[in-house]
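**Student:** One structure, pasted below without further comment.
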Amino acid sequence: MTFEFRFAGVLLSFGIGCAGSPASRANRPAATCPSTIGGSVHDLDDHDAALAGATVAIDLPGDRAGERPTLTDATGTFVLEDVAQPLGSISVYVDAATAAGTLPACVDHRMWIGVHTHAASAAGSALVIRMEDRAVDTAALHRASERREVLAAQWLTFYEGFGNVVEANHADRARLATTLEQFVEQHRNAIDTIKQQRAAMSSHERQQLEDTIESKFASRSAAVRQQAKGAEACQSEPRVRRALRDFPR
């Protein structure tokens with residue numbers, strides 16, 4: 001059995017928030033653009049039906065270079081938080097179909113994105129993107145973001161304790177097995193809570209919690225993953241396997 005140490009995530013589904021005419025938005029400095037953007041993805045080959053489970057990836061330019069991906073939820077909506085504008089290109093991946101496009105200098109409205117999903121569509125074909133003037137409850141969005149940060153911090157604290165146990169004892173398999181059994185028993189309520197939280201989350205929600213962990217707690221997350229690798233070499237020990245079996249994956 002291969003031990004996998006993974007985190008999970010939460011996703012809301014709204015979009016933007018400045019006002020103004022198209023001309024004024026085009027000239028607006030990046031600093032005044034919202035840091036939370038979002039919208040919905042639709043299938044141009046199926047009467048603009050909402051596309052659930054599509055990957056939306058935005059490339060950030062300059063010294064922030066890198067790709068910020070997220071998934072659409074059951075209604076085809078997505079959101080990305082803490083995104084400093086201006087943005088680079090945007091790509092959408094749906095099964096084997098891939099499409100790419102460019103974004104305006106300041107995305108301050110909800111995005112409507114259309115993508116061709118037929119196999120005949122050329123890879124990298126342009127997206128149909130338009131902006132929808134729709135109000136967003138930014139206060140609710142920020143409250144949800146804060147709740148995710150608290151949840152992410154709680155999960156990391158639990159897994160850091162687990163990582164410390166592994167790191168301190170993995171050289172001695174018998175001692176590791178005993179210590180893991182004790183740790184599992186001591187944290188039974190926390191383990192049950194994490195499993196219940198994961199079961200209640202959609203894949204979209206798990207993805208956003210993972211995004212929160214990576215963006216807010218990247219160094220802690222990397223350290224915990226490194227610690228947890230110590231358990232992989234010890235799983236030939238039956239008692240270690242039994243103890244790890246009870247951990248949320």
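The values are calculated or read from the model by the stated rules, or taken from the named source; none is laboratory data. These numbers were taken from a predicted model, which means no experiment stands behind them. Methodologically, a virtual Cβ is constructed for each residue, glycine included, from the backbone with ideal geometry; neighbour enumeration extends over all protein chains shown. Note: accessible area is taken over every heavy atom of the protein model, side chains too, but ligands, DNA and RNA are not part of it. Shrake-Rupley method; radii C 1.70, N 1.55, O 1.52, S 1.80 Å.
**Student:** If you check Asp46, Asp59, which single one turns out to be in a loop (DSSP other than H, G, I, E, B), more than 15 Å from the chain's Cα centre (by Cα) and either surrounded by fewer than 22 Cβ atoms within 10 Å (Cβ to Cβ) or aromatic (Phe, Trp, Tyr) (or both)?
**Tutor:** That would be Asp46, the only listed residue that is in a loop (DSSP other than H, G, I, E, B), more than 15 Å from the chain's Cα centre (by Cα) and either surrounded by fewer than 22 Cβ atoms within 10 Å (Cβ to Cβ) or aromatic (Phe, Trp, Tyr) (or both).
**Student:** Please go through (1) part of a loop (DSSP other than H, G, I, E, B); (2) modelled with pLDDT of 85 or more; (3) within 22 Å of Leu209 (Cα to Cα) for Ser40 and return the number of the only condition it doesn't satisfy.
**Tutor:** Of (1) part of a loop (DSSP other than H, G, I, E, B); (2) modelled with pLDDT of 85 or more; (3) within 22 Å of Leu209 (Cα to Cα), only one is false for Ser40: (1).
**Student:** Show the residue pairs that are 6+ apart or on different chains and have beta-carbon atoms under 6 Å apart, the first residue being within region 104-120 and closer than 13 Å to Ala50 by Cβ and assigned to a loop (DSSP other than H, G, I, E, B), the second being of a type outside the set (D, E, K, R) and modelled with pLDDT under 85.
**Tutor:** Filtered contacts from region 104-120: Thr117/Ala97.
**Student:** On to the next question. Assuming Phe217 fulfils every condition listed in (1) more than 30 Å from Gly76 (Cα to Cα); (2) modelled with pLDDT of 85 or more apart from one, which condition is it?
**Tutor:** (1)
**Student:** Within the group Glu237, Glu210, Glu167, Glu205, which residue is at pLDDT below 90, open to solvent by 70 Å² or more (accessible area, probe 1.4 Å) and either of a type in the set (Asp, Glu) or more than 30 Å from Ser40 (Cα to Cα) (or both)?
**Tutor:** Going through Glu237, Glu210, Glu167, Glu205 in turn, the sole match is Glu167.
**Student:** Right, something else. Of everything in region 82-134 that's touching a His at 6+ places or on another chain (Cβ under 8 Å) and either at positive phi or open to solvent by less than 40 Å² (accessible area, probe 1.4 Å) (or both), which residue is modelled with the lowest pLDDT?
**Tutor:** In this case the residue turns out to be Ser125.
**Student:** Which condition number in (1) among the polar types (S, T, N, Q); (2) under 20 Å from Glu132 (Cβ atoms); (3) more than 21 Å from the chain's Cα centre (by Cα) is the one that Thr77 fails?
**Tutor:** (3)
**Student:** On to the next question. Hey, can you tell me all the residues within region 184-202 that are touching a residue at least 40 places away in the same chain (Cβ under 8 Å), surrounded by 15 or more Cβ atoms within 10 Å (Cβ to Cβ) and either in a helix (DSSP H, G or I) or basic (Lys, Arg) (or both)?
**Tutor:** Within region 184-202, Val184, Ile191, Ile194, Gln197, Arg198 qualify.
**Student:** Return yes when Ala222 is within 30 Å of Thr72 (Cα to Cα) and open to solvent by 70 Å² or more (accessible area, probe 1.4 Å) and no when it is not.
**Tutor:** Working: within 30 Å of Thr72 (Cα to Cα): yes; open to solvent by 70 Å² or more (accessible area, probe 1.4 Å): no.
No: the conditions fail for Ala222.
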